[in-house]
Amino acid sequence: MENKHAWIIGICVIVAGMMIGNGVVTGSEDNPTPIELSDDGASIGVNIENSDTTLLDEDGLMSYLGIDEKEMKRLQKVGDLPSITIDGYMYYPKTGLDRWVEENTGKAF
């Protein structure tokens, strides 16, 4: 009986892999394949291309700018980084950071 279940699980894994592989092939750069997520039958469309974050938290800021925590704290004090506070948490908009970097290139902090 256990061997029968192993075969069923194996076939399900193969079919799922084929379905996933086919979904990747049918999408294109201009028209990415949306992923359908469902919760209790309510389906929502998620576009892979638009999953980019607009607001960054402190960890995201450090990763985005390629700096460590010490450098981040220094920039927060003297760098006048563009930020927004929501419910006591500070976030940094990517577009504002890009503009800030352009305006402050060559300056020392």
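The values are calculated or read from the model by the stated rules, or taken from the named source; none is laboratory data. All of these numbers come straight from a predicted model, not from anything done at the bench. Because the Cβ atoms are built from the backbone with ideal geometry, glycine has one as well, and the counts that use them run over all protein chains shown. Surface areas here come from the heavy atoms of the whole protein model, side chains and all, with no ligands, DNA or RNA. Shrake-Rupley method; radii C 1.70, N 1.55, O 1.52, S 1.80 Å.
Some points to look at:
- Identity of the residue in region 86-109, over 15 Å from R74 (Cβ atoms) and of a type in the set (G, A, S), that ends up modelled with the lowest pLDDT: G106
- Listed by first and then second residue, the pairs linking a residue in region 48-61 that is within 15 Å of I84 (Cα to Cα) to a residue that is open to solvent by less than 90 Å² (accessible area, probe 1.4 Å) and at pLDDT below 75, with Cβ atoms under 7 Å apart and 6 or more places separating them unless they lie on different chains, are G60/T53.
- Subset of region 72-109 (residues that are over 16 Å from L55 (Cβ atoms) and either in contact (Cβ under 8 Å) with a residue 24 or more places away in the chain or not in a helix (DSSP H, G or I) (or both)): R74, L75, V78, G79, D80, V101, N104, T105, G106, K107, A108, F109
- L37 being modelled with pLDDT under 90 and either in a loop (DSSP other than H, G, I, E, B) or exposed (fewer than 10 other Cβ atoms within 10 Å of the Cβ) (or both): no
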